[in-house]
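Engineer: So that we are looking at the same thing, I have put the structure below in structure tokens.
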Amino acid sequence: MYHLNVMGKTKIWFGISGTLIAISIISLIMFGLNLGIDFTGGSMMDIQFKNIQRPSQDEIKTIFSENNINNITIQAVGDDEYIIRMSDISESTHSTILDKLNNKFSTENSNNNDNVQLDSDNGSQIEIQTAKTNVIEEKRFDSIGPIIGQELKQKSIGAIIFVIIAIILYIAYVFRKVSKPIESWKYGVSAIIALIHDIIIITGIFSLFGYFMNVQIDAFFITALLTILGYSINDTIVTFDRIRENLHRKTNLTFKDLINLSINETITRSINTSFTTFIVLTSVFLFGGETVKYFVLALMMGIIIGTYSSIFLASPFLMIWYRAKYKQA
């Protein structure tokens with residue numbers, strides 16, 4: 001079996017992680033996060049145009065302007081849908097806009113020769129009145145008040161902090177019998193550093209998505225982060241557990257070689273598990289629809305970054321604790 005010298009190239013791994021974190025932090029400082037209505041409050045309509053060509057965004061904006069709604073963002077989806085985000089609107093305004101959309105575009109659609117026939121008696125043209133059919137199908141409408149949005153944002157941050165603290169306590173308890181060469185709680189802190197690394201990079205990437213592609217951060221994104229935390233810590237614990245076993249079985253090895261051996265004994269399992277999960281997520285990303293597209297994309301990136309950090313960051317970080325304790329180079 002090929003033996004990967006992970007511990008011999010820790011400067012490279014830390015350099016890659018440091019660069020990605022630096023880019024992510026710079027992006028967050030410069031561009032921030034494009035928060036969706038889940039956190040800022042507002043309304044969102046997902047409408048599909050049936051049997052007609054999708055109108056231009058300017059035509060859509062005109063109808064909203066007539067109802068004194070000017071600050072809207074329109075995102076095209078596929079060939080016949082628009083996702084429209086705006087400030088919070090009432091149910092009556094929502095119904096009015098839908099009616100106007102239907103009236104405007106169904107009228108334009110019916111203005112063709114199919115509605116004009118020749119009078120059999122005198123040969124003159126007569127217009128046949130046909131019942132208008134809806135050309136708009138509303139696939140989704142969400143409306144969240146600003147207070148609820150702010151509350152959801154606070155609870156999301158609280159959930160992430162709670163999960164991180166719980167993971168530290170859990171790992172410290174599981175590894176409580178491991179006191180040498182480094183204490184059990186240091187395993188927990190090393191795992192959390194890897195998780196924070198994952199969260200910062202993914203959040204930074206979505207900061208860039210928000211700035212350049214108008215991708216918004218919503219409750220799905222928080223769910224994706226919490227899922228990534230669970231997945232990444234599971235991968236890290238597998239390696240840590242092998243280190244714990246080898247501490248008793250490979251007493252002739254140095255701590256550095258023991259970590260390297262443990263990584264190599266678990267790396268195939270980690271990559272295979274991540275790869276099969278990634279395949280499943282790829283199929284959902286391609287065929288799961290627009291609603292879950294960026295949620296799944298966050299999970300896909302989390303799988304890649306989480307697997308990398310559990311192999312090349314979390315375990316090598318144990319060596320930093322070891323060197324700090326024993327003053328070894």
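The values are calculated or read from the model by the stated rules, or taken from the named source; none is laboratory data. Bear in mind the structure is a predicted one, so any value in this text is a computation, not a measurement. Methodologically, a virtual Cβ is constructed for each residue, glycine included, from the backbone with ideal geometry; neighbour enumeration extends over all protein chains shown. SASA here: full protein model, heavy atoms, side chains in, ligands and nucleic acids out. Shrake-Rupley method; radii C 1.70, N 1.55, O 1.52, S 1.80 Å.
Engineer: Hey, can you tell me all the residues within the range 239-277 that are surrounded by 15 or more Cβ atoms within 10 Å (Cβ to Cβ), closer than 21 Å to residue 301 by Cβ and free of Cβ contacts under 8 Å to residues at least 60 places away in the same chain?
Structural biologist: Those that are surrounded by 15 or more Cβ atoms within 10 Å (Cβ to Cβ), closer than 21 Å to residue 301 by Cβ and free of Cβ contacts under 8 Å to residues at least 60 places away in the same chain: 270, 273, 274, 277.
Engineer: Something else now. Quick check, is residue 293 within 27 Å of residue 204 (Cβ to Cβ) and either of a type in the set (A, V, I, L, M) or modelled with pLDDT under 90 (or both)?
Structural biologist: Details: within 27 Å of residue 204 (Cβ to Cβ): yes; either of a type in the set (A, V, I, L, M) or modelled with pLDDT under 90 (or both): yes.
Answer is yes for this residue.
Engineer: Next question, about the same structure. Would you check if there is a residue in the range 64-72 being at pLDDT below 85, under 28 Å from residue 207 (Cα atoms), in contact with a strand residue (DSSP E or B) (Cβ under 6 Å, 6 or more places away or on another chain) and open to solvent by 50 Å² or more (accessible area, probe 1.4 Å)?
Structural biologist: No; the residues of the range 64-72 include none that is at pLDDT below 85, under 28 Å from residue 207 (Cα atoms), in contact with a strand residue (DSSP E or B) (Cβ under 6 Å, 6 or more places away or on another chain) and open to solvent by 50 Å² or more (accessible area, probe 1.4 Å).
Here's the yes/no breakdown for (1) surrounded by 11 or more Cβ atoms within 10 Å (Cβ to Cβ); (2) closer than 16 Å to residue 218 by Cβ; (3) at pLDDT 85 or above:
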{"site": "45", "(1), (2), (3)": "yes, yes, yes"}
{"site": "88", "(1), (2), (3)": "yes, yes, no"}
{"site": "105", "(1), (2), (3)": "yes, no, no"}
{"site": "118", "(1), (2), (3)": "no, no, no"}
{"site": "126", "(1), (2), (3)": "yes, no, no"}
{"site": "130", "(1), (2), (3)": "no, no, no"}
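Engineer: Which is at pLDDT 80 or above, over 30 Å from residue 85 (Cβ atoms) and out of contact with any Ser or Thr (no Cβ under 6 Å at 6 or more places or on another chain), of 165, 161?
Structural biologist: On the way: 161 fails: over 30 Å from residue 85 (Cβ atoms).
The match here is 165.
Yes/no matrix, rows are residues, columns are (1) closer than 30 Å to residue 143 by Cβ; (2) touching a residue at least 12 places away in the same chain (Cβ under 8 Å):
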position: 174; (1), (2): no, yes
position: 177; (1), (2): no, no
position: 181; (1), (2): no, yes
position: 199; (1), (2): yes, yes
position: 217; (1), (2): yes, yes
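Engineer: Please verify whether residue 56 is loosely packed, with under 13 Cβ neighbours inside 10 Å, of a type in the set (Gly, Ala, Ser) and within 25 Å of residue 213 (Cβ to Cβ), treating the condition exactly as stated. I'd like the intermediate steps shown before the answer.
Structural biologist: Numbers: loosely packed, with under 13 Cβ neighbours inside 10 Å: yes; of a type in the set (Gly, Ala, Ser): yes; within 25 Å of residue 213 (Cβ to Cβ): yes.
Spelling it out, residue 56 is indeed loosely packed, with under 13 Cβ neighbours inside 10 Å, of a type in the set (Gly, Ala, Ser) and within 25 Å of residue 213 (Cβ to Cβ).
Engineer: Does the range 218-238 contain at least one residue that is part of a loop (DSSP other than H, G, I, E, B) and open to solvent by less than 60 Å² (accessible area, probe 1.4 Å)?
Structural biologist: First, pick out the residues of the range 218-238 that are part of a loop (DSSP other than H, G, I, E, B): 218.
So of that shortlist, the ones also open to solvent by less than 60 Å² (accessible area, probe 1.4 Å) come out as 218.
The answer is yes, given that some residue of the range 218-238 is part of a loop (DSSP other than H, G, I, E, B) and open to solvent by less than 60 Å² (accessible area, probe 1.4 Å).
Engineer: Also: Looking at the range 2-15, can you tell me whether even one residue there is polar (S, T, N, Q) and under 24 Å from the mean Cα position of the chain (by Cα)?
Structural biologist: Taking the range 2-15 and keeping what is polar (S, T, N, Q), we get 5, 10.
Next, from what is left, pick out any that are under 24 Å from the mean Cα position of the chain (by Cα): none.
The answer is no, given that none of the residues of the range 2-15 is polar (S, T, N, Q) and under 24 Å from the mean Cα position of the chain (by Cα).
Engineer: Sticking with this structure for a sec: Just a yes or no: is a residue in the range 293-316 closer than 30 Å to residue 47 by Cα and open to solvent by 70 Å² or more (accessible area, probe 1.4 Å)?
Structural biologist: To start, the set of residues in the range 293-316 that are closer than 30 Å to residue 47 by Cα comprises 293-301.
Narrowing further to those that are open to solvent by 70 Å² or more (accessible area, probe 1.4 Å): none.
Checking the range 293-316: not a single residue is closer than 30 Å to residue 47 by Cα and open to solvent by 70 Å² or more (accessible area, probe 1.4 Å).
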